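To start, the structure itself, in structure tokens.
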């Protein structure tokens with residue numbers, strides 16, 4: 001009966017648009033537990049994940065009587081159709097591929113809810129606990145055990161069918177499904193992702209220092225450390241470098257789900273309009289995207305850094321306004337630094353005048369940096 005139910009569930013998953021499904025035991029993730037403890041000791045965690053290692057590695061703590069975990073994967077696009085061009089005076093930023101289209105948390109929860117309903121109809125007393133990304137369990141560890149793909153050196157799950165361009169979700173249940181066989185690691189001796197990481201955040205194959213990962217840094221809200229400012233480029237949210245360089249992702253581009261189709265103007269937006277976007281407009285335009293979850297502040301700070309990256313002289317008037325008028329210290333200070341980086345001499349007087357009225361110590365420090373860059377040019 002369990003095997004028949006498993007096959008019926010697999011068939012139903014295809015009907016509702018799940019690209020891959022796998023089944024794993026709900027035994028503790030003992031190896032993962034040790035790795036997470038090391039990550040904590042090294043200070044490599046981002047702070048966004050669940051801090052309780054036991055909850056992350058012991059499914060029965062989340063669902064007493066847990067017997068199985070059902071893992072799902074949905075493939076998302078890797079190439080942008082009709083991408084607008086970034087050009088002089090109209091520079092653009094970029095959201096990572098995982099933020100294209102509708103927020104993947106919403107999409108995957110919809111699929112998991114359908115699977116839940118399917119199981120409840122056939123097993124009325126079934127117990128279920130589902131989660132996507134923000135749950136306690138490690139999506140990658142579950143997917144690896146369930147045979148969805150292997151855990152790669154770039155810390156992504158790579159599937160043979162879709163590469164690493166997949167969203168992951170899982171469902172713990174008390175139904176004792178037969179577990180699937182994990183996929184053998186296929187990274188081999190390749191180290192391209194480690195070699196190309198802009199900040200060296202991939203300290204070793206499968207080991208990430210989240211504190212220096214650009215994907216994490218773009219989501220922080222404070223001043224970005226000087227050492228990372230030149231490396232963030234025009235990224236507004238996330239980083240795809242370790243995925244785009246991966247040979248296993250070559251030619252992988254799937255458009256299976258209409259809700260995942262990106263709006264080119266949203267995922268590659270003009271930078272200057274972002275500097276003055278209102279809370280309401282930001283929520284209306286970017287709210288449905290997963291990249292909006294931290295609000296507009298990190299996106300705006302990153303837009304300023306991107307304008308500095310491009311040395312966009314046409315943005316100087318807008319940056320001067322931000323430096324003088326924005327109520328948030330991070331925006332004022334980052335704008336002052338960006339003015340120095342862009343290097344238009346006329347900005348020097350504006351920074352000096354703004355400095356006379358500034359009271360925030362961190363902003364004053366950024367203004368000094370901007371002034372020094374302009375004075376030595």
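Of the residues contained in the stretch 45-68, one or more are found to be in a strand (DSSP E or B), within 25 Å of residue 159 (Cβ to Cβ), in contact (Cβ under 8 Å) with a residue 60 or more places away in the chain and assigned by TED's automatic domain parsing to the domain that holds residue 148. Of the residues making up the stretch 201-215, those that are out of contact with any strand residue (DSSP E or B) (no Cβ under 8 Å at 6 or more places or on another chain) and surrounded by fewer than 20 Cβ atoms within 10 Å (Cβ to Cβ) are 203, 204, 205, 207, 210, 211, 215. Only one of the numbered conditions (1) within 27 Å of the chain's Cα centre (by Cα); (2) farther than 30 Å from residue 100 by Cα; (3) in contact (Cβ under 8 Å) with a residue 12 or more places away in the chain is not met by residue 72, and that is (2).
Scan the stretch 13-32 for residues that are surrounded by fewer than 17 Cβ atoms within 10 Å (Cβ to Cβ) and part of a helix (DSSP H, G or I) and the total you get is 4.
Outside the structural domain of residue 36 (by TED's automatic domain parsing), closer than 28 Å to residue 282 by Cα and assigned to a loop (DSSP other than H, G, I, E, B) - does that describe any residue in the stretch 176-183? Looking through the stretch 176-183, none of the residues is outside the structural domain of residue 36 (by TED's automatic domain parsing), closer than 28 Å to residue 282 by Cα and assigned to a loop (DSSP other than H, G, I, E, B).
No other residue among 170, 144, 184, 161 is crowded, with 23+ Cβ neighbours inside 10 Å, more than 27 Å from residue 288 (Cα to Cα) and in contact (Cβ under 8 Å) with a residue 24 or more places away in the chain apart from 144.
Taken over the stretch 323-352, the criterion of being in contact (Cβ under 8 Å) with a residue 12 or more places away in the chain and over 21 Å from residue 222 (Cβ atoms) is satisfied by 342, 343, 344, 345, 346, 347, 348, 350, 352. Looking across 231, 153, one residue alone is in the same structural domain as residue 33 (by TED's automatic domain parsing), free of Cβ contacts under 8 Å to residues at least 60 places away in the same chain and either assigned to a loop (DSSP other than H, G, I, E, B) or in contact with a strand residue (DSSP E or B) (Cβ under 9 Å, 6 or more places away or on another chain) (or both). It is 153. Entry remark, the stretch 42-75: residues being touching a strand residue (DSSP E or B) at 6+ places or on another chain (Cβ under 6 Å) and closer than 22 Å to residue 119 by Cα number 11 in total.
The values are calculated or read from the model by the stated rules, or taken from the named source; none is laboratory data. Quantities reported herein were computed from a predicted structural model and do not represent experimental measurements. With ideal geometry, Cβ positions are generated from the backbone for all residues, glycine too; neighbour counts draw on all protein chains shown.
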